Amino acid sequence: MVLFDEMNHTKLSIVLSVLTIFSIFLIVDYLEHNLAFGSFHENPIITIGLDSEFLTYDDIITGFSIKYPPDWERAQHLDKSVTFLAPRESNSDTNPAGLGIMVIEVESNKTLASITQNQLNTLKNLYPDIQILESMETIFLGHPSHMIIFTATDNTQSMRKAMQIWFKEDNKAFLMTYKSDNQRYSKYLPTIDKMLNSFYTYKK
């Protein structure tokens, strides 16, 4: 996962960073490769009460719903992915954190294990300095899933930290990516936890 660019182009850079990661995942899936740029913490999904003012995003086409803070920016993209960006902090021209979600079609017989292996292999090829802090199979809101935490240098030559969670349901793979810089990663993690706890899929 490439991360936040400096700006005037900040918002665009972060969106493109998230989309680059997910687009690669989509393309290489057909080539039996996948990309994961993510980070993971020990107990990422904690039962936390949502703030009452959280907004709801329903994606009827891809079949999921998630809640997000009202002051976060939301961007929908042509590839059906969506990104949520934390507001810029004072005296900063960059968005400090973001969560991206993408849903892709996969073969019905594609296993979580094969997706994970392809993800990790591609990740290591793309980021020579990658440091995997944690990688494990887990349960994400009732779904067998895989989570990974790592740091890597992005295209601005800055060290970033990210978390990615992926799971498969029927013929869809759901990918969620949280990214931030090392200094702010922990600060925004409680908000990300709340957002992820609100995530669910539904049948069309």
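Accessible area per residue for the range 111-183 is 43 Å², calculated with a 1.4 Å probe on protein heavy atoms, without ligands, DNA or RNA.
The label-point distance for TYR200 and ASN91, in a model that sets each label 7 Å from Cα toward Cβ, rounds to 4.4 nm.
The translational diffusion coefficient of the range 112-155, from Stokes-Einstein at 37 °C and 0.692 mPa s with a Kirkwood hydrodynamic radius over alpha carbon pairs, comes to 289 µm²/s. When the C-alpha to C-alpha distance is required to be over 23 Å, the pairs from LYS110/LYS194; LYS124/LYS194; LYS80/LYS124; LYS124/LYS179 that qualify are LYS110/LYS194; LYS124/LYS194; LYS80/LYS124.
Residues whose amide H lies under 5 Å from that of GLU169, counting only those 5 or more places away or on a different chain, are PHE174; hydrogens are built 1.01 Å from N in the peptide plane. Can you give the FRET efficiency to the nearest 0.05 for HIS77 and ILE130, using r as the Cβ-Cβ distance and R₀ = 30 Å? Working from the Cβ atoms, E equals 0.75. Each eigenvalue of the Cα gyration tensor of the range 140-182, multiplied by 5 and square-rooted, gives one semi-axis; in descending order these are 26, 10, 7 Å.
The values are calculated or read from the model by the stated rules, or taken from the named source; none is laboratory data. Just so we're clear, the structure is a prediction, and the values are computed from it rather than from any experiment. Cβ atoms come from the backbone with ideal geometry, glycine included; neighbour counts cover every protein chain shown. In case anyone asks, the SASA skips ligands and DNA or RNA and just uses the protein heavy atoms, side chains included. Shrake-Rupley method; radii C 1.70, N 1.55, O 1.52, S 1.80 Å.
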